[in-house]
1. Between a residue in the range 46-70 that is of a type in the set (Ser, Thr, Tyr) and any residue that is part of a loop (DSSP other than H, G, I, E, B), which pairs come within a Cβ distance under 7 Å, given they are 6 or more apart or on different chains?
2. So, restricting to strands (runs of 3 or more DSSP E) that lie completely within the range 27-85, which ones have at least 1 residues that are touching a Cys at 6+ places or on another chain (Cβ under 9 Å)?
3. Give the range 33-66 a look and list any residue that's under 15 Å from Trp85 (Cβ atoms), among the hydrophobic types (A, V, I, L, M, F, W, C) and either more than 17 Å from the chain's Cα centre (by Cα) or exposed (fewer than 12 other Cβ atoms within 10 Å of the Cβ) (or both), or say none.
4. How about the range 67-85: which of its residues are exposed (fewer than 13 other Cβ atoms within 10 Å of the Cβ) and either within 10 Å of Ile29 (Cβ to Cβ) or within 15 Å of the chain's Cα centre (by Cα) (or both)?
Amino acid sequence: MTALRKSLVCAAIGAGMLAISGASASAAIVCAGHTCWHTTTSYEYPRHAGVVVHEDNWRWGAHERYRFREHEGRGYWRGGRWVGW
């Protein structure tokens with residue numbers, strides 16, 4: 001009976017740790033015009049950048065056309081160039 005109890009306690013601890021680690025990892029899709037990229041860090045973009053932040057599960061509509069261009073670091077796409085700040 002103690003082996004079963006230990007297994008249940010370990011499973012509960014493992015599930016709790018997994019839930020905590022999943023809750024702390026946030027992601028988003030960021031778009032400037034029709035160019036989008038993924039981010040895991042929340043930034044306050046400059047107002048003039050025209051950036052829109054969407055939930056990670058966001059999808060564009062059937063008649064909309066966007067493209068993904070990934071880039072590391074803090075910044076945004078403007079006119080085909082990455083503008084860092």
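1. Hits for this filter: Tyr66/His34; Tyr66/Trp60.
2. 28-32, 35-39, 51-55, 75-78
3. Selection gives Ala49 alone.
4. Once the filter is applied, which keeps residues that are exposed (fewer than 13 other Cβ atoms within 10 Å of the Cβ) and either within 10 Å of Ile29 (Cβ to Cβ) or within 15 Å of the chain's Cα centre (by Cα) (or both), the range 67-85 yields Phe68, Arg69, Glu70, Glu72, Gly73, Arg74.
Read-outs throughout are calculated quantities, based only on the coordinates presented, and are distinct from any laboratory measurement. What you see is a predicted model, and the numbers here were worked out from it, not measured in a lab. Virtual Cβ from ideal backbone geometry, glycine too; neighbours counted across all protein chains shown.
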